[in-house]
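Notes for the one structure printed next.
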Amino acid sequence: MQKDFNNHIDKNLSILKEGRLLIAISGGIDSVVLAHLCHNLKLNFSLAHCNFNLRAEESDKDETFVVELADALDIEVFIQNFDTKMYADENKCSIQMAARELRYNWFKELATQLNFDYILTAHHADDNLETFLINFTRGTGLNGLTGIPMINDNVVRPLLPFSRLQIKAFAKEQRITWREDASNASRKYLRNKLRHEVVPILKEINPQLLDSFQNTLSHLNDTALIVDEQLTEFKKRAIVSDDHLGTTFRISEFKTTTNPKAYLFETFKHYGFTEWNDVLDLLDAESGKLVRSNSHRLIKHRDHLILATLSHAEQSEASLYIQESDTAINTPFGNLVISEVVAISETSNHIIYVDKDRLKFPLELRLWKTEDLFQPLGMTGKKKVSKYLKDEKTSLIEKENTWVLTSDNNVIWVVGKRGDERFKVKTNTKNIIKFNI
């Protein structure tokens, strides 16, 4: 296996030969074998071990084993202890998910702080098959059936082409010792049920199952590339705008496809939506209708769909105050620059000039309220801000993110949209203030 591993690194992962590597090691056979393979190849690596404190003294014995292995290989080792159960309770997630988040967050923190180029994990071909089956049984799109990526950002999995049998044979041949985790034999978790009950039957039906599976993955990944290319071209046509408020898509582009639901799924599948028939219904719904996920909203606005995070619906109601001496202030919509000028020059929706002598400091910058009134520039009468936004056919997202600049609770500016007639610069104005986003 060492020879095959060396050839695999030369052919597919030569980047590892010049990089500084961090191997995630549990003490189990897979990660221990990976450490030995990399050591024999003389790669530059350190070890990182997580003690999740889930198996009493067994967890401590794993930690001791890893430290002794590092000494034997003369390799640097990092150890981190976690209160995994407390993390799971605080974040309302399973123990498995908690352990995953804790270890990957720590690995990436180590890599950043100590300049490791790549994080290596010991996932192998059988893990890949089990992940495929898990996604298949739970229901997934094409991407869920393309397997574990060999390279994902700075996480690399050098053992993916090798089977569990090959790894065990190498460990036996090299007389390598490792730690056994008793939980791996438990049928409590879906992965273990598949590993011990389903996969053996599949291998009995087809002794070359892993080879066939690798061929299938290759074809699926080729197909996924074609889908990605088509989707990229589709998004170029469909996306109208993409800014801090969200991403706006033309509904007409979805409707002109042969399968709008498929394009909706591929476009929005990463945002937590599950009710795809409801998403499809948005194409013909009235303006203002929306579908929520745990993290995002998809909103119908006239001829468009707007994708926005839920945080935009939960804007802070805290006001920002501008003192007379202020020259700039950071806001949720950008940096607001304040300056005194002698005359009006450039104009745009992001700039307003006002008569300083009509202002009462401090000025208040806040989200608009239902009771807000203002006198739109050029008009003689007052108008509710809510009515103004409705008349302007402002989308729900824009409404939620509309701010007003006020003086003594009088609206000076519906920010980025319309100024107030009462504060405009006139021929007899002596002092002019410019507000520029």
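Counting only strands (runs of 3 or more DSSP E) that fall entirely inside segment 348-437 and contain at least 2 residues that are charged (D, E, K, R) and either open to solvent by 10 Å² or more (accessible area, probe 1.4 Å) or touching a residue at least 40 places away in the same chain (Cβ under 8 Å) (or both), the qualifying elements are 363-367.
To keep it simple, each residue is scored yes or no on (1) closer than 30 Å to PHE273 by Cα; (2) aromatic (Phe, Trp, Tyr); (3) at pLDDT 95 or above; (4) touching a Gly at 6+ places or on another chain (Cβ under 8 Å).
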residue	(1), (2), (3), (4)
GLU317	yes, no, no, no
LEU320	no, no, no, no
ASN330	no, no, no, no
GLY334	yes, no, no, no
LEU363	no, no, yes, no
PHE374	no, yes, yes, no
GLY381	no, no, no, no
LEU396	yes, no, no, yes
VAL404	no, no, yes, no
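So that you can scan it fast, the table gives a plain yes or no per residue for (1) among the aliphatic types (A, V, I, L, M); (2) in contact with a Ser or Thr (Cβ under 6 Å, 6 or more places away or on another chain):
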position: ILE201; (1), (2): yes, no
position: ASP211; (1), (2): no, no
position: GLU229; (1), (2): no, no
position: SER241; (1), (2): no, yes
position: THR247; (1), (2): no, no
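Candidates ALA56, ALA72, ALA99, ALA171: the one that is over 30 Å from THR267 (Cβ atoms), of a type in the set (Gly, Ala, Ser) and within 20 Å of the chain's Cα centre (by Cα) is ALA99. Of the helices (runs of 4 or more DSSP H) that lie entirely inside segment 1-50, those containing 1 or more residues that are more than 20 Å from ARG103 (Cβ to Cβ), without any contact (Cβ under 8 Å) to a residue 12 or more places away in the chain and of a type in the set (S, T, N, Q) span 2-12.
The values are calculated or read from the model by the stated rules, or taken from the named source; none is laboratory data. Nothing here was measured: the structure is a model prediction, and the numbers come from that model. A quick note on method: Cβ atoms are made from the backbone with ideal geometry, for glycine too, and the neighbour counts reach across all protein chains shown. Heavy atoms of the whole protein, side chains included, go into the accessibility calculation; ligands, DNA and RNA do not. Shrake-Rupley method; radii C 1.70, N 1.55, O 1.52, S 1.80 Å.
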